[in-house]
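Everything below concerns the one structure shown next.
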Amino acid sequence: MKHQQSSFYLDLDQYQLHLRRLLPLQQGIAPVLMLHGAIENGRIFYSHSGKGLGCYLADSGFMVYCADFAGRGLSRPHVSQGFVQSQQQMITRDIPALIEHIYQLHQQPVILIAHSWGGVVAGASLARYPELTAKVAAKVCFGTKRVISVNSLERKLKIDFVWNTLAPWLSRKQGYFPARKWRLGADDEPEQFLRDTVHWINGAAFVDPSDQFDYANACQQLRWPPVWHFAAQNDRLLGHPDDVRRFIAETAPQARFSLLGKASGYQHDYDHISMLTHPAAIDDHFPQLRDWLLQLRN
């Protein structure tokens, strides 16, 4: 590895957010904040052995911070210890605090990179607080959709039954969604956060379920930083290319779009997870992203 890893915590009074810091051995180029999706944590971007997009970018000279959202990963307390959080808290408190903290550390705009639902809440934060865009150099999303419009057997099982029905039921009984125990994801979720996501996934307007803030309208008024969305050819549900395109249309229509599949010149037909974890990615789309981020600085 050409970088060093360590952990630190951002204290938000009632809870602490864990960040895995991946710093290059040489002088750093620019700060990167990585935000994970639902039922996962920051480990989607890195490993202790040096694998993952976060490690790749750190080896390329970027100063990378992989966050665990509140209650997940190594953030304290964990959701299984009674921690409660809504989606609005994530949008209005956690993400702005993370951006501000890393901006202050390096005194330069932060590159936001998100997977799946992380891109939705990151976009909502920027729309709600347009002043944050002055501290964001670019926004990159992998498999990010807000609404799942796919109508398939897989959707009926994973979304209609598991996410919309089983998960809320388990959450009422446990106080949180124990996705790890049921092998439905890499991490657990707060009950209220899960319930908040259901509205949008099922097609409700891009409006905050807590206070009716109109994110869709705010997105159209926002002067976005450069945005690049990646979708995966074999992502048939959780980040279907059509749903990614719909999210682009309602947020940042000028965004760049790439479909990761053989028909588009890539080595593999990637899926929702392998677009970040497949060994071939370091020779495929990771270098494209690195080069684009470097060009933005020129």
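Of note:
- Residue match in segment 267-278 (condition: without any contact (Cβ under 8 Å) to a residue 24 or more places away in the chain and not in a loop (DSSP other than H, G, I, E, B)): no
- Residues in segment 281-298 that are free of Cβ contacts under 8 Å to residues at least 40 places away in the same chain and touching a Ser or Thr at 6+ places or on another chain (Cβ under 9 Å) were compared, and the one that is farthest from residue 202 (Cα to Cα) is 287.
- For segment 247-276, the set of residues classified as under 21 Å from residue 225 (Cβ atoms) and not aromatic (Phe, Trp, Tyr) consists of 248, 249, 250, 251, 252, 253, 254, 255, 256, 258, listed by residue number.
Per-residue answers, yes or no, for (1) more than 15 Å from residue 105 (Cβ to Cβ); (2) under 18 Å from the mean Cα position of the chain (by Cα):
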| site | (1), (2) |
| --- | --- |
| 4 | yes, no |
| 24 | no, no |
| 36 | yes, yes |
| 64 | no, yes |
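- Taking segment 262-298 as the range and being loosely packed, with under 13 Cβ neighbours inside 10 Å and basic (Lys, Arg) as the test, the residues that pass are 262, 297.
- Look at segment 89-101: where a residue is in contact (Cβ under 8 Å) with a residue 40 or more places away in the chain and a partner is part of a helix (DSSP H, G or I) and among the hydroxyl-bearing types (Ser, Thr, Tyr), sitting 6+ places away or on another chain with Cβ atoms under 9 Å, you get 90/125; 91/125; 91/215; 94/125; 95/125; 99/125.
- Those strands (runs of 3 or more DSSP E) lying entirely in segment 1-98 with at least 3 residues within 23 Å of residue 297 (Cα to Cα), out of contact with any Cys (no Cβ under 7 Å at 6 or more places or on another chain) and not acidic (Asp, Glu): 16-24, 31-35, 63-67
- When segment 173-232 is filtered for residues that are within 24 Å of residue 249 (Cα to Cα), part of a strand (DSSP E or B) and touching a residue at least 24 places away in the same chain (Cβ under 8 Å), the ones remaining, listed by number, are 227, 228, 229, 230, 231, 232.
- Among the conditions (1) surrounded by fewer than 15 Cβ atoms within 10 Å (Cβ to Cβ); (2) more than 14 Å from residue 184 (Cα to Cα); (3) of a type outside the set (A, V, I, L, M, F, W, C), the only one that residue 143 does not satisfy is (1).
- Residue that is closer than 17 Å to residue 113 by Cβ, in contact with a His (Cβ under 8 Å, 6 or more places away or on another chain), of a type outside the set (A, V, I, L, M) and modelled with pLDDT of 95 or more, where the choices are 71, 42, 28, 54: 42
The values are calculated or read from the model by the stated rules, or taken from the named source; none is laboratory data. Please read these numbers as outputs of a predicted model, since none were measured by experiment. So basically every Cβ, Gly included, is an ideal-geometry build from the backbone, and we count neighbours across all protein chains shown.
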